[in-house]
Each structure stands twice: as structure tokens, then as C-alpha cells.
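The values are calculated or read from the model by the stated rules, or taken from the named source; none is laboratory data. Because the structure is predicted, anything quoted here is derived from the model rather than measured. Please note: Cβ atoms are built from the backbone with ideal geometry, for glycine as well, and neighbour counts cover all protein chains shown. SASA here: full protein model, heavy atoms, side chains in, ligands and nucleic acids out. Shrake-Rupley method; radii C 1.70, N 1.55, O 1.52, S 1.80 Å.
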Amino acid sequence: MNDPRNLILSRRSVLAAMGIGAAGLSLSSCVGVSTGSDTGSDSAEETTLRTDFHQAPVEVPAEYRDRTVILFWAPFTGVNFEALTKLFDDFNKSQTDIYAAAQSQGSYNDLYQKFTAALQAREVPDIVCFPEHRWLQYWQSDALVPLDRYFDDSWSLDVYMQNYVKEGMAGDKTYVVPFARSTPLFYYNKDRFLEAGLPEEGPRTWYEYAEMAPELLRLDAGGNPLKAFAFSGDDQWYGQSHIWAWGGNFSRDTTVTVDEGPMAEWLDWKRKFIHTDGFGYMAKSGFTDFTTGISAACHGSTASLAGAKKTAEFRIGTAFMLGKDSAGPKVPTGGSGLSIVKAESQERQDACAELFRFLAQPEKSAQWHQDTGYLPIVNAARDTDIVKRIVAEDPNYKTALNQVVNAQTADTITWWEAPVEKIDETMASVYGDNADPATQIPALQSALEESMNRYADTIRKVQ
């Protein structure tokens with residue numbers, strides 16, 4: 001189960017390793033790559049190659065050594081990396097010219113650190129996979145290849161779910177195509193809900209769930225009362241849906257808006273849910289506590305579904321993210337897409353595009369969806385026998401598909417790690433320490449405004 005929410009290293013340590021720290025400086029200073037006119041050039045061909053950057057080490061099986069070799073550094077482990085390896089095996093067997101190798105780098109934060117070190121060493125993978133807008137810092141350091149010249153009638157941005165497409169674009173150029181895309185979900189233990197006499201389909205709003213919670217607390221969980229909900233210390237992604245449900249935003253365009261009222265109202269409601277009513281708590285990993293039966297519910301990504309089904313010893317239920325007092329709030333897009341890294345070989349770059357084209361086949365997108373829980377991001381994948389069958393067999397796959405209509409790009413200030421860390425810290429102070437949101441938000445507003453001053457120009461360029 002690997003997703004942007006399941007991060008191993010602390011954001012602060014990763015930022016420090018990348019040489020950008022809390023100030024969010026450009027990567028150019030640590031990788032020695034220009035951030036001048038190249039990034040905004042009208043001629044993609046002029047900036048495609050970097051002759052002093054070469055492919056990182058990769059082992060190639062004997063039967064593939066006569067092929068063009070491309071290397072993908074993957075931010076997946078466990079079930080999801082196994083699914084990726086299966087797709088790459090299919091690609092390698094489907095033709096005779098290209099060998100695609102996948103190497104797991106651990107979490108997304110591990111990948112940030114290792115890819116930045118690779119840029120410094122000038123030995124890079126050919127493909128990287130960064131979540132949401134985290135690719136922007138590498139685009140600014142001129143590390144990524146524009147993809148538009150590869151599009152044609154059979155493969156273009158038109159084949160993908162459109163609410164995920166623009167997140168891979170800067171101005172009128174495409175640097176990322178959707179692949180492992182997701183939304184957040186409300187996960188719950190169906191068996192315990194039925195044991196408590198609650199509806200099997202789960203709640204629709206937080207107000208409704210607060211009414212259900214006392215029934216769950218009457219149940220035993222290893223000698224302790226079952227908890228209704230397990231929060232985590234890095235819940236900002238889910239908090240994005242909460243602040244929208246309460247009628248607010250973290251930011252609008254280049255203006256920070258956490259001090260407008262809805263965030264304080266939402267956090268205070270959660271504070272009472274956790275600390276006054278005793279319905280929830282902040283766990284080291286809310287999802288782990290859920291799958292091991294300590295908590296009756298938690299937040300999770302669509303990408304956590306396949307792994308959770310293998311881990312949990314109970315029937316899993318999924319529902320839309322909960323609204324405040326009405327169902328179906330907006331949810332942030334999540335997950336990641338595919339980018340080609342600039343290096344010395346045009347042949348390898350062209351081969352990467354062929355892999356992307358292969359992965360965009362409806363059957364392959366459906367296979368990835370089946371094996372991981374990530375969305376069938378290719379529109380035509382919904383009509384495949386694979387998706388029709390798994391939706392019929394397990395309604396949890398249908399939850400994410402139905403919720404996609406509510407998915408939209410996260411607020412601009414959350415496109416960078418440093419501001420996300422500040423939001424996480426504020427949420428954790430309330431969830432874990434019972435802090436009064438009114439005392440926390442002014443400092444958060446100030447910190448996010450300071451960050452926005454650095455990021456505003458990039459936001460304008462991307463939009």
C-alpha cells in the first residue's frame with residue numbers, strides 16, 4: 001500500500017536533503033541545472049537532451065540486452081510494485097525493441113531524496129512518478145521532458161479522466177501523464193458496523209457518524225473499547241476535503257485563506273469529536289490501526305484497497321469522504337503520473353513514450369486498477385470486462401469510480417511539501433494535543449503567506 005499519504009521519511013528531512021529546506025528554494029542550486037529560459041521555451045526540441053546526464057545503473061536480463069533499455073524509479077512497494085512489475089513484464093513481452101525495468105525506491109519521499117541525489121550525480125532514471133504537483137520543483141530545474149510531441153490520434157490527454165489531466169501541465173505543455181491516480185475514501189469495518197447495529201453502507205456525513213459512534217464504542221477491541229475513528233499526523237490530504245466540506249479553502253489562487261473561519265470551525269468540531277466525545281484519536285498510522293481492528297474506521301486512498309483486502313481479517317467497506325452535514329463533498333485528486341527525465345539519449349526518451357502509450361491501453365489501465373485499487377484512469381477502461389467484473393464482485397471498487405465526479409485539484413498552497421507540513425502540524429496539534437484551533441491558525445496563516453510569496457510566480461506560470 002503505497003500512496004502520497006503513506007510517507008516514511010519526515011517532510012522536513014527530505015526537504016533538507018533536497019537542498020531546499022523550509023524556504024522552498026529552487027533545485028537548480030543543488031543539481032547545477034539552469035532554470036532560465038529553458039523551462040518556458042517554445043521549442044521543446046531545443047531542451048530535450050542533456051548530454052552530461054546518463055542512465056543510472058540497471059541490471060538487464062540476458063534475453064533483453066540487445067534492446068533499448070529504459071529505467072523507471074517507482075515510488076511503490078508491496079502489492080502495488082508487484083502489479084507494476086506485472087505490467088512491465090507484459091510490455092517487455094509485447095514487442096522486441098525496448099526493455100523497461102522498474103526499480104522500487106520505497107515511498108514518494110524516498111524517491112524525492114534519491115532522485116535529487118541522482119540529479120547531483122548526473123546518473124538518472126528515464127522515468128519518474130511524482131504525486132500531484134510535486135513535479136513542479138523538477139520542472140523548474142529543467143529536469144523533465146515535454147511530452148506533447150508524442151501525442152497523436154491514438155494516444156493523447158483525451159484518453160484520460162479529464163479532472164486529472166491539467167495537473168500535469170505547465171502553461172500549454174505537458175510534463176506528466178496520469179497513471180497511478182486516486183482519491184481519498186472513508187474506510188470502515190463492515191463486520192463491526194453490523195455488530196453494532198449500524199447501516200452496512202456506512203455514514204455520509206460527520207454529523208451522522210457522530211451519532212453512530214457511541215454504538216461502536218460499546219464493542220470490544222482486544223480488551224479496550226473499539227474506537228470510532230483513527231486519525232494520523234499527516235492527514236492534510238484528507239483535511240483538504242474537510243475544509244471544502246466546511247465551506248473554506250487553504251488558499252485561492254495566490255491568496256492564503258486558512259484564517260477565514262471554516263478551518264477553525266472544522267478543526268474545533270474534530271477536536272470535540274476526539275477529545276470531548278472520545279470517538280477518535282490520533283494514531284501513528286490510522287490505516288494500520290484500522291486494518292488490525294483497533295479502530296472501526298479511518299481515511300485511506302483508493303490505492304490502499306488491494307493491500308487492505310489482503311491484510312484485514314474482516315469485510316472492508318468504503319464510502320465517499322464524509323461531508324459536514326450534507327453528503328458528497330469535493331475531494332482532492334491524488335496519486336501520481338509519469339514523467340520522462342532529460343538525459344543524453346533521444347532513443348530512450350522515445351522508448352519511454354512507447355511505454356506510456358502501452359500503459360494507456362484500456363485493458364492495461366483496467367489491470368492496474370484491479371491489482372492496486374488506483375483508478376482506471378483511462379476513460380475507456382471502465383468499459384472493459386475487467387472493470388465491469390471487479391465492480392460487480394466488490395462494490396468497493398465502485399466507490400472510487402462514483403466519487404471521481406467530486407474530485408478536483410487541491411488548493412494551490414498544498415502543491416509544495418513545506419506548506420503541507422505546516423498544515424499537518426496544525427492539524428496534529430488539534431487532533432493529538434487538544435489545542436484550540438483559534439490559537440493555532442494565526443501562526444499557520446502567517447507561515448503559509450510566507451510560503452505563498454515564494455510560490456506565487458510558479459502558480460501563475462502553471463495556471
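Quick notes
- Most to least packed among 236-247, 116-127, 90-101 [average Cβ atoms within 10 Å]: 236-247, 116-127, 90-101
- Gyration tensor verdict on region 286-371 (Cα atoms; rounded if a/c is under 1.5, prolate if a/b is larger than b/c, oblate otherwise): prolate
- Packing, taken as the mean count of other beta carbons within 10 Å per residue, orders the peptides 432-440, 196-204, 292-300 from highest to lowest as 292-300, 196-204, 432-440.
- Bridge orientation summary for the chain: considering DSSP beta bridges with both residues in this region, about 60 percent are antiparallel.
- For the chain, accessible area per residue (1.4 Å probe, heavy atoms of protein chains only), Å²: 37
- Fraction of antiparallel bridges per DSSP, region 206-342 only, in percent to nearest 5: 45
- Packing-based ranking, highest mean first, of 392-404, 133-145, 177-189 given that Cβ atoms within 10 Å are counted: 177-189, 133-145, 392-404
- Taking Lys and Arg as +1 and Asp and Glu as -1, the other residues whose beta-carbon sits under 11 Å from that of Y160 total 0.
- Entry for mean projected area of the Cα convex hull in nm² (calculated from the structure that is shown) out of [x] 27.8; [y] 21.0; [z] 22.3: [y]
- Sulfur and carbon atoms: percent of accessible area, the chain [1.4 Å]: 47
- Rounded to the nearest 20 debye, the dipole size of the chain about its Cα centre is 520 debye, using +1 on the Cβ of Lys and Arg and -1 on the Cβ of Asp and Glu.
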